[in-house]
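The values are calculated or read from the model by the stated rules, or taken from the named source; none is laboratory data. Note that the structure is a prediction, hence the values are computed from the model and not measured. So basically every Cβ, Gly included, is an ideal-geometry build from the backbone, and we count neighbours across all protein chains shown.
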Amino acid sequence: MEALLARLATQESAADQLGSWVTLIDAIRPSRPDRADEAARALTGLTRLISDHPEQGAPLRTALIALFTERKQVSLYVSSGLLPSTGFFTEMARRVSHRLLPDVVDTGYLKDLLAVIFHRRDDEIWVDAVASEVWVEFFRAVLASRGAEELGGATLPVALVEMLEALRVLSYHVSAIGLEPELVRVDPQLEAVESPFLAQNAELVAYLHDFRTWWQTPETPLENEAHFIVMLDQCNEVLQRLRRRATRLGTSLTLTFTLERLRQHLQRINALLSILRVVHETRRVEPLLPAAVTLFKRLVRAECRKNYLSDYWSTNVELLSLRMTESASKTGEHYITTTRNEYLAMLGSAAVGGFVIAFMAAFKIMLSWHDFAPLTELLGYCLNYGLGFVFIHIVGGTVATKQPAMTANAIAASIEETKGKTRNLDNLAEVIVRMLRSQFAAIIGNLCVAVSIATLFAIAFFNLSGEHFVDMTKADHLLDDASPLSGAPFFAAVAGVCLFLAGLIAAYYDNLAAYNNIPQRLAQLRWARKLFGLARTQRIAAYIENNLGALAGNFFFGFLLGGATAIGVLFGLPLDIRHIAFSSAYIGFAFTAHGFSLPASTIILALSGVLLIGAINLLVSYTLALYVAMRSRSISFSQGGSLALLVLRHLLKRPQDFFFPPPAPAPEQTATEPGASARQSDDNPPTIL
C-alpha cells in the first residue's frame, strides 16, 4: 500500500492514475467475493495508514478529487442501474450482445471509469458486504483536509453541477414516462387531474434555480425544496396505485417495464436529493459521506451487473408473475374446503372428473389401434387430453392434480398475510390441513371412480364383443408402466412439470382477458347480440371472464401431456408422462383383461405405483407453483420448521381432520378463513346458455 501511494504521488497523467486506482482496488479485493472480512481488514489498514501519515494520503486525495472534476458524471447518475426507454426485448437483446461483445470504454466518463476500476463481475458482492461505516471512515480519511472545511466559493463545485444536471435529466425522464399511454390506460385519473409526473418537473426547475442562488447567497432559503419533495411523494403514491391496479386489471411486459423504470428513476432522484439536502444543511463534505456511500454501493452493483439477464428478468417479470398468480390464489381458495358440504361437493366434482378420465383413457387406447401417421396419432392424443380436460371443467368436474397450481398460490397469499408473526402460524397451519384434506377428497374421487368406470367399461366391452378391451400383452405393458420399479417416478415428475406449466398458462390467459378487456369487447359485438340476444351474450362474456384461463390451461395441459412423449421420440430420449388418474384407469383395464386373477404381489405393486405417481405429480407441481408464487410476492418464509411442527401436532392429535372435515366448524372460522366462500369458478362454472 505504501509503495502504491508513493507511486501515485509521481503520476500526473489521467491514464497513469487510472492504473493506480485499478491496482488499489485489486489490493483491497478479497480472495473470494464472499470473504468481505478480508476486504474490510485491507480497507481498515489503508484507512489507518492514511490517518497516521497524512502526507502519504495527499496524492490519493488529489486523485479522488480529480475523478469528480475531470470526468463527466451525468451518465453515471441517469443511466447506471436504470432501465432505458428502448423496451423490454430490446434491452434484453442489448444485454446478450454486450455480454458477447462489450462496449468501448471511454474513461472520460465516470460511469465507464467505475466499470474499469471494479472490473470483476463479482466485485459488487464484497463492496456491498463491507460495512458502510468502513467505507465512510476510508473516504473520511482520504478527504481529511477537506472534510471539516466549509464548501464555499462563488461557483458551484463541478461534482454538484453534475449532480444538479443529473437531477434535471431524471426529472425529464419521469415526466416522459408519466405520459406513457399504458399508465393512462391503467389509471384514467392521470388525464382527469394534473399528473404529478409532470408537475414535479416544474417544481424541480424552481428548486435548481433556488439551489444555485443559495450557493452564492447562503442566507437565501430554498423555498421550493419542500414543494418538490411533496410532488415526489405524490409520484410514489401514484406509482403504488398503478401497481395495485395492474394486479387487478391485468398487466403486460410493456407496462411492467414502464413501472419498473418509473420506480428506479424516482428512487435515484431521492438518492441524489438526500445528498443535496445534506449539502444544504451543513455545506460540508463529511456529513454527506453516509448517503454518498449508499449511492456508491448501488452504482458499483449496477455496473457489475449491467449485462446480467437473471437480474433483468427477475426485476421485470415480478409484477407480471404477481398478477398471474393473484387470480390463481383467488381460485385456489375455492379448492380449499371448510365445511362438510364443500367437502362432499369436492368429492362429487372429483368423481365427475374420474368418470370422464376413464373414457379419455379408453379413447386413447382405441386411437393406438389404428395405424395413423405419427403426427396424426400425436395430434389425436393431444386433442383427446385437451378437449377431455376442457369438458371436465365445463361440466363442473375436478382433476386432482390441477389443485396444487391453484392451492399453492393461496398458501403463498396466506404466508404473505402472516408477515412473520408467530401468532398467525396457527391459522396458516389450519389452512394447510384443510388444503390436504381437500386434496385427499379430490384424489379419492378421481382414482376410485376412474378405476371403477374403466373396469365396468372393459367388462361391458367383453360382454358385447367377446374380446377383452386390451389383450394380455397390452395389459402387462400397462401394469409395467404403473410399477414403481419402472421409470414411472421420473415420468410422473415430468407430468408434474406439465401441470405447473399449465397453471402458468391458465394464469396468463386470465391476465390476458383482464388486460385486453376481452369480456367487455365480446359483450359489445353486434353480431353476437343479434345471434344470441343481449342477456345470453352477456352471460357468455361473463363466462369467458371467469373461465378463459381455466379453459386455456386445460386445453394446453392436454397438449403438454401428449407432446412430452413426442419430444422424447424426436430427440431419442426415454421421455413419457404418468398421471395418477389415467394410470388408475389403465389398471382397471389391465385387471379386467387378466380376469381379476393376478397375484397379490402384482396387485400391490400396481396400486402402490399409482399412489406413488400421484404423490410425485402433486409434489413436483406444488413445489414449483409455491416457489413461483412466493418469488412473485418477493416474500421468504423462515418459519417453515415451526409450521411443519404445528401441522405434525395436528396430525398426531386429530389425524381424521386430514381426511374428513369436522362435524360443525365454528361460524367465525367459516367467515374469516380462506376458502370459506362458496366454491365457484373452476368447480362450478356458470351456465353459458
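Taken together, the residues in the range 78-106 that are surrounded by 15 or more Cβ atoms within 10 Å (Cβ to Cβ) and part of a loop (DSSP other than H, G, I, E, B) amount to 4. Looking only at the range 256-292, residues that are modelled with pLDDT of 95 or more and in contact with a Phe, Trp or Tyr (Cβ under 6 Å, 6 or more places away or on another chain) come to 0 in all.
Residue by residue through the range 222-239, note down the ones that are at pLDDT below 90 and out of contact with any Asp or Glu (no Cβ under 8 Å at 6 or more places or on another chain). Ala226, the sole residue that qualifies.
Do we find a residue being among the hydroxyl-bearing types (Ser, Thr, Tyr) and either modelled with pLDDT of 90 or more or closer than 30 Å to Val569 by Cβ (or both) anywhere in the range 386-401? Yes, the range 386-401 has at least one match.
For Thr62, state whether it is modelled with pLDDT of 90 or more, over 39 Å from the mean Cα position of the chain (by Cα) and assigned to a helix (DSSP H, G or I). When the stated conditions are applied, Thr62 does not pass them. None of Asn547, Asn516, Asn617, Asn554 is within 28 Å of Cys498 (Cα to Cα) and surrounded by fewer than 19 Cβ atoms within 10 Å (Cβ to Cβ) except Asn516.
The criterion of at least 3 residues that are touching a helix residue (DSSP H, G or I) at 6+ places or on another chain (Cβ under 9 Å) and among the charged types (D, E, K, R) is met by the following helices (runs of 4 or more DSSP H) wholly inside the range 416-531: 425-465, 472-482.
Going by the structure shown, is Ala36 surrounded by 13 or more Cβ atoms within 10 Å (Cβ to Cβ), modelled with pLDDT of 85 or more and within 20 Å of Leu143 (Cα to Cα)? Spell out the reasoning first.
Working: surrounded by 13 or more Cβ atoms within 10 Å (Cβ to Cβ): yes; modelled with pLDDT of 85 or more: yes; within 20 Å of Leu143 (Cα to Cα): no.
No, not satisfied.
Condition check for Val22 on (1) aliphatic (A, V, I, L, M); (2) surrounded by fewer than 16 Cβ atoms within 10 Å (Cβ to Cβ); (3) closer than 25 Å to Phe257 by Cα: one failure, at (3).
Would you confirm whether any residue within the range 581-588 is crowded, with 21+ Cβ neighbours inside 10 Å and among the polar types (S, T, N, Q)? Looking for residues that are crowded, with 21+ Cβ neighbours inside 10 Å and among the polar types (S, T, N, Q), one finds at least one in the range 581-588, hence yes. Taking the listed residues Val186, Val278, Val205, the one that is of a type in the set (A, V, I, L, M, F, W, C) and out of contact with any helix residue (DSSP H, G or I) (no Cβ under 7 Å at 6 or more places or on another chain) is Val205, with no other qualifying.
Please go through the range 230-255 and pick out each residue that is farther than 16 Å from Leu190 by Cβ and either of a type in the set (Lys, Arg) or in contact with a Lys or Arg (Cβ under 9 Å, 6 or more places away or on another chain) (or both). Thr247, Arg248, Gly250, Thr251 - these are the residues of the range 230-255 that are farther than 16 Å from Leu190 by Cβ and either of a type in the set (Lys, Arg) or in contact with a Lys or Arg (Cβ under 9 Å, 6 or more places away or on another chain) (or both). Listed by position, the helices (runs of 4 or more DSSP H) enclosed by the range 169-287 that each have at least 3 residues that are crowded, with 20+ Cβ neighbours inside 10 Å and among the β-branched types (Val, Ile, Thr) are 253-282.
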